[in-house]
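Structure first, commentary second.
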Amino acid sequence: MKTIHYKRASTIDELEQIRTLQLQNNSQNISSEEKLQEGFVTVQHSVALLKQMNSACAHIIAKDNDILVGFALVMLSSFKNEIEVLIPMFERIDELVPKEKTYVVMGQICVDKNYRKQGIFRNLYQFYKEELQDKYEYLVTEIATTNPRSMQAHESIGFKVICIYEEDGIEWNIILWDWT
């Protein structure tokens, strides 16, 4: 049985492993069938940007010994202009979340194909909440409506849809998990 441990990312090797897992699961690199069955990630971050984001608030990772098997990126609103495709999401979140509430954006979550259906997704989110709920009231993210697997998984955690919008021909669900 595999022993998975959860922690905050702290090394450049871990950030490089996040980037590798991103590329393996990017929507451009997998089949349509796999996208539907397994889900996918949309954005590719450079290691330099992952490092900047991690320095501001360390990412959540799952490891099997020295191998990174899952991640949940932490993205503060201060990074809203760093990834062009995410600007519309941040603009909508800023309109939707009351000004007096604090939030953090889950920048992306992914579990290695060989480690799926073992509770890692749920445990990444649980660790995320344990680590950040004292500082933030909400965790917010968005999911393409073409990714039903991800939508179902997020709803099972406790996320609720707060907005649906279209950008560049893609329909998105902005979802929120209330930690209060």
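Structure summary
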quantity	calculated
Where the chain is the region considered: accessible area per residue in Å², 1.4 Å probe	51 Å²
Calculated FRET value between Q118 and A48, using beta carbons and R₀ = 41 Å, to 0.05	0.85
Amide H partners (placed H, <5 Å) of D112, local residues excluded	G70
Apportionment of accessible area to carbon and sulfur, the chain, percent (1.4 Å)	46 percent
Rg to Rh quotient for the chain, alpha carbon positions, Kirkwood Rh	0.93
Chymotrypsin sites (Phe, Trp or Tyr not before Pro) lying in DSSP loop within segment 120-180, provided at most 16 other Cβ fall within 10 Å	none
Ranking by accessible area, most exposed first, for L23, L73 with a 1.4 Å probe	L23, L73
Kirkwood hydrodynamic radius over Cα pairs of segment 82-124, then Stokes diffusion coefficient at 20 °C and 1.002 mPa s, in µm²/s	165 µm²/s
Over segment 118-176 - Rg/Rh using Cα atoms and the Kirkwood inverse-distance radius	1.01
Segment E84-L23, extension gain: residue separation times 0.36 nm, minus the distance between their alpha carbons	20.1 nm
Sparse-neighbourhood loop sites, GluC sites (Glu not before Pro) in segment 86-117 - DSSP loop, at most 15 other Cβ within 10 angstrom	E100
Kirkwood-Stokes translational diffusion coefficient of segment 58-156, alpha-carbon pairs, 37 °C, 0.692 mPa s, µm²/s	226 µm²/s
Solvent-accessible surface (1.4 angstrom probe) belonging to Y115, in square angstrom, nearest 10	30 Å²
Projected label distance in nm at I170 and L76, using a 7 Å step from Cα toward the beta-carbon	2.6 nm
Theoretical gain in end-to-end length, T3 to A56 [0.36 nm per residue, Cα-Cα removed]	16.2 nm
Stretchable slack from I12 to S156, in nm (0.36 nm times residue separation minus alpha-carbon distance)	48.6 nm
Neighbourhood net charge (10 Å Cβ-Cβ; Lys/Arg +1, Asp/Glu -1) for I93	-2
D64, D178, D94, reordered so the largest accessible area comes first (probe 1.4 Å)	D178, D94, D64
Sequence-distant residues sharing a close amide H with E167 (under 5 Å, placed H)	W172
Low-density loop positions, trypsin sites (Lys or Arg not before Pro), segment 106-180 - DSSP coil, at most 12 other Cβ in 10 Å	K117, K135
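The values are calculated or read from the model by the stated rules, or taken from the named source; none is laboratory data. What you are looking at is a predicted structure, and each value in this text was computed from that prediction instead of being measured. Neighbour counts are summed over all protein chains in view; Cβ atoms, including those assigned to glycine, are modelled from backbone coordinates with ideal geometry. These accessible areas exclude ligands, DNA and RNA; they are computed on the full protein's heavy atoms, side chains included. Shrake-Rupley method; radii C 1.70, N 1.55, O 1.52, S 1.80 Å.
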